[in-house]
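See below for the structure under consideration.
The values are calculated or read from the model by the stated rules, or taken from the named source; none is laboratory data. None of these values were measured; they are calculated from a predicted model. As a convention, Cβ positions derive from the backbone with ideal geometry for all residues, glycine included, and neighbour counts pool all protein chains shown. Note: accessible area is taken over every heavy atom of the protein model, side chains too, but ligands, DNA and RNA are not part of it. Shrake-Rupley method; radii C 1.70, N 1.55, O 1.52, S 1.80 Å.
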Amino acid sequence: MYLTYEKYRELGGVLLEDAFQPLCREACAQIDYYTFGRLKQDTAYSDAVQQCCYALIGILHEKQTYTSPDSTQVSSRSNNGLSESYATVSLKDALETAEKEMTACIDIYLADETNAAGDKLLYRGAV
């Protein structure tokens with residue numbers, strides 16, 4: 001994995017380790033997908049890779065929250081009459097938003113990063 005639990009906590013993460021582990025695995029899988037696995041052979045990871053993984057965990061945790069069966073969000077409140085209105089986020093919208101956020105996150109953090117062999121992580125041209 002590209003981010004240890006200790007580093008995650010150091011960066012400000014608040015999830016317990018049991019919640020962190022599966023989200024970190026998924027974040028690393030997303031990074032591997034977009035980088036064509038160019039980091040798999042490395043043993044040390046740059047700050048940008050670790051920050052990217054940290055940010056992806058946040059996005060994935062938010063996605064998990066919005067796609068849970070009982071996810072409703074307060075859409076409006078009234079103080080004097082004590083009324084609240086709730087809105088649900090459609091599963092399709094939540095998944096599309098999360099996908100866009102993950103892609104943007106990876107593009108931002110890993111745009112100019114290279115692996116230990118010097119290969120640009122996001123390079124998609126001919127080798």
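For this structure, a couple of remarks:
- Positions within segment 61-112 being at pLDDT below 80, loosely packed, with under 12 Cβ neighbours inside 10 Å and either charged (D, E, K, R) or outside any loop (DSSP other than H, G, I, E, B) (or both), in sequence order: 70, 73, 74, 75, 76, 77, 78, 83, 84, 85, 86, 87
- Test: residue 40 is more than 15 Å from residue 1 (Cβ to Cβ) and either at pLDDT 90 or above or open to solvent by 70 Å² or more (accessible area, probe 1.4 Å) (or both): no
- In segment 15-25, the residues that are of a type outside the set (S, T, N, Q) and open to solvent by less than 70 Å² (accessible area, probe 1.4 Å): 15, 19, 20, 22, 23, 24
- Residue list for segment 88-126, filter: of a type in the set (Gly, Ala, Ser) and either in contact (Cβ under 8 Å) with a residue 40 or more places away in the chain or within 16 Å of residue 39 (Cβ to Cβ) (or both): 111, 116, 117, 118
- Test: residue in segment 2-14 that is of a type in the set (A, V, I, L, M), under 23 Å from residue 112 (Cβ atoms) and either open to solvent by 30 Å² or more (accessible area, probe 1.4 Å) or in a loop (DSSP other than H, G, I, E, B) (or both): yes
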